[in-house]
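Peer 1: One structure, pasted below without further comment.
Derivation of every value follows stated rules applied to the coordinates shown; laboratory data play no part. Note that the coordinates shown come from a computational prediction; the quantities given were computed from them, not determined experimentally. Neighbour counts are summed over all protein chains in view; Cβ atoms, including those assigned to glycine, are modelled from backbone coordinates with ideal geometry.
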Amino acid sequence: MPTFKVNVVIENKPTIRDPEGEVIMRDLMVKNGYTQIKGVRAAKLLKIVVEASNSEEAKRLVSKMCDELRIYNPVVSVCSIEVLGA
Amino acid sequence: MRIAVIVFPGSNCDRDVHHVLTDVLGVEADLVWHADGSLSGYDGVILPGGFSYGDYLRAGVIAAFSPIMREVRRMAEEGKPVLGICNGFQILVESGLLPGALMRNTGLKFVCKWVNLRVENNETLFTRRYSRGQVLQMPIAHNEGRYYIDPEGLKELKEHNQIVFRYTEPDGTPSERSNPNGSLEAIAGVCNRRGNVLGLMPHPERASEAVLSPSGSTDGLEVFRSMLDLGG
């Protein structure tokens, strides 16, 4: 069976403050002259390799796992799943 | 009365809690390894502080899937006292036994200091020896203690009197300064509706002997005495 690379990005819901992103933007980027930067959100990236018969199945499996095992916390976070290919 | 103190890989307050229970209060307590299936024969359970599974992925989430949590859930459903301290609180919210979430401190730093806490609800199994509005001194030591819950959840917490402790000034008034981690409404501890499951970020076991406290506070001891329903 082929394997697929799947990226899972976990970040705070848009309504919830992200102090890490705010500090990176304000104290590193903007303070050092990159005043064009208008937003930064810090996130966690999991690079997953999964065995599946096709990319749809790979995405379905990873999505189910993320919900079941609380890979992200639905109270405060959103998670986006992208299949990069075999 | 026999209490189980659960030990996860990375727990580090298990022995402190065990010491307070056995040496200070003289009750029977055991350290129970999280992979050892059963909690039958115990009247209460404590999830201690620490860094279970190195806080990997998110503080408490991996421990929340440990086999022992089925037993902890059963005891919660039976109405027995279930106490989560610090990482134990994080495990309880990750396992869904308590509502809300604990996020990284707004200051982005690990905060270790003594704080003032106001008792908001003295009708839980853990706070019945306090009076409502009483201000306690206990230490905190955490990086992920910023309590969050969505607006509907907060409304429900208030409706069912589930906010148990708030961070305040020494006189009991809330302030920006006295909130050490950015918790919503300065919430430091919450319980389930029934009042038999409590989670709090501060460490009552570190405020149970005068010799270990800069102010001589033993305020934390009453959490355990309440839980054990000790008279006197």
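Peer 1: Provide B:T106, B:T22, A:T15, B:T173 in ascending order of the number of other Cβ atoms located within 10 Å of each residue's Cβ, fewest first.
Peer 2: Details: B:T106 18, B:T22 15, A:T15 8, B:T173 11.
By the 10 Å Cβ count, ascending, the order reads A:T15, B:T173, B:T22, B:T106.
Peer 1: If you don't mind, there's one more thing I want to ask. Given H placed on each backbone N at 1.01 Å, which residues far from B:A29 in sequence or on other chains put an amide H within less than 5 Å of it?
Peer 2: When sequence neighbours closer than 5 places are left aside, the close amide H contacts are B:I3.
Peer 1: From the phi of every residue in region B:48-65, what ³J(HN,Hα) in whole Hz does the Karplus formula 6.51 cos²θ - 1.76 cosθ + 1.60 yield, where θ is phi - 60° and glycine or proline is x?
Peer 2: x, x, x, 9, 4, 6, x, 6, 5, 6, 6, 3, x, 6, 6, 4, 4, 9
Peer 1: Under a straight-distance cross-link criterion of Cα-Cα below 25 Å, which lysines are reachable from A:K38, leaving out those fewer than 8 residues away in the same chain?
Peer 2: Counting by Cα, and skipping residues close in sequence, A:K38 has these lysines nearby: A:K13, B:K109.
Peer 1: Based on the alpha-carbon gyration tensor of chain A, what equivalent-ellipsoid semi-axes (square roots of 5 times the eigenvalues) come out, in whole Å, largest first? Can you show the working numbers first?
Peer 2: Working: eigenvalues 202, 48, 13 Å².
Over the Cα atoms of chain A, the ellipsoid semi-axes are 32, 15, 8 Å.
Peer 1: Just counting partner chain Cβ atoms within 10 Å, what average do the residues of peptide A:8-15 show around their Cβ? Can you show the working numbers first?
Peer 2: Working: counts 0, 0, 2, 0, 3, 2, 0, 2.
Mean shielding count: 1.
Peer 1: Over the C-alpha atoms of the protein assembly as shown, what are the Rg and the largest Cα-to-Cα span, Dmax, in Å?
Peer 2: So, for the protein assembly as shown, Rg and Dmax equal 20.9, 68 Å respectively.
Peer 1: Okay, next question. Give me the Kirkwood hydrodynamic radius of region B:2-228 in Å, from all C-alpha pairs, to one decimal place? Walk me through the numbers on the way to the answer.
Peer 2: Values: mean 1/r = 0.0588 Å⁻¹.
Across region B:2-228, the inverse of the average 1/r is 17.0 Å.
Peer 1: So what is the calculated 222 nm ellipticity per residue for chain B, using -39500 (n - 2.57) for each DSSP H run with n of 4 or more, over all residues, to the nearest 500 deg cm²/dmol? List each step's numbers first, then the result.
Peer 2: Numbers: 5 runs with 41 residues, N = 232.
Calculated from helices alone, the mean residue ellipticity at 222 nm is -5000 deg cm²/dmol.
Peer 1: Normalising by the residue count of chain B, find the relative contact order in percent from Cα pairs under 8 Å and 6+ residues apart.
Peer 2: Details: 546 pairs, mean separation 44.3, N = 232.
Rounded, it is 19 percent for chain B.
Peer 1: Going by Cα centres, region B:176-215 and region A:1-65 are how many Å apart?
Peer 2: The two parts, judged by their Cα centres, are 32 Å apart.
Peer 1: Using only the alpha carbons of region B:114-197, what is the convex hull's orientation-averaged projected area in square nanometres?
Peer 2: Numbers: hull surface 21.4 nm².
Spelled out: convex hull of the Cα atoms, projected over all directions, averaged, 5.4 nm².
Peer 1: Still on this model: What average count of beta carbons from other chains do you get within 10 Å of the Cβ of residues in A:68-77? Before the final figure, lay out each step's value.
Peer 2: Numbers: counts 1, 5, 10, 3, 3, 10, 1, 12, 9, 3.
Across A:68-77, the average partner-chain Cβ count within 10 Å equals 6.
Peer 1: For the residues B:M1, A:M1, what sequence is obtained by ranking on other C-beta atoms within 10 Å, fewest first?
Peer 2: On the way: B:M1 15, A:M1 9.
Fewest-to-most ranking of B:M1, A:M1: A:M1, B:M1.
Peer 1: Among the aspartates and glutamates, which fall within straight-line cross-link reach of A:K5, defined as a Cα-Cα distance under 15 Å, with same-chain neighbours fewer than 8 residues apart omitted?
Peer 2: A:E51, A:E56, A:E57, A:E82
Peer 1: Further question on the same structure: Among B:V82, A:V30, A:V6, which comes first, second and so on when ranked by fewest other beta-carbon atoms within 10 Å? The partial results should precede the final answer.
Peer 2: Values: B:V82 28, A:V30 15, A:V6 24.
Arranged by neighbour count, lowest to highest, B:V82, A:V30, A:V6 become A:V30, A:V6, B:V82.
Peer 1: Would you list, by chain and number, the aspartates and glutamates whose Cα falls below 17 Å from the Cα of B:K158, excluding same-chain residues fewer than 8 positions away?
Peer 2: Candidates past the 8-residue exclusion: B:E120, B:E123, B:D150, B:E185.
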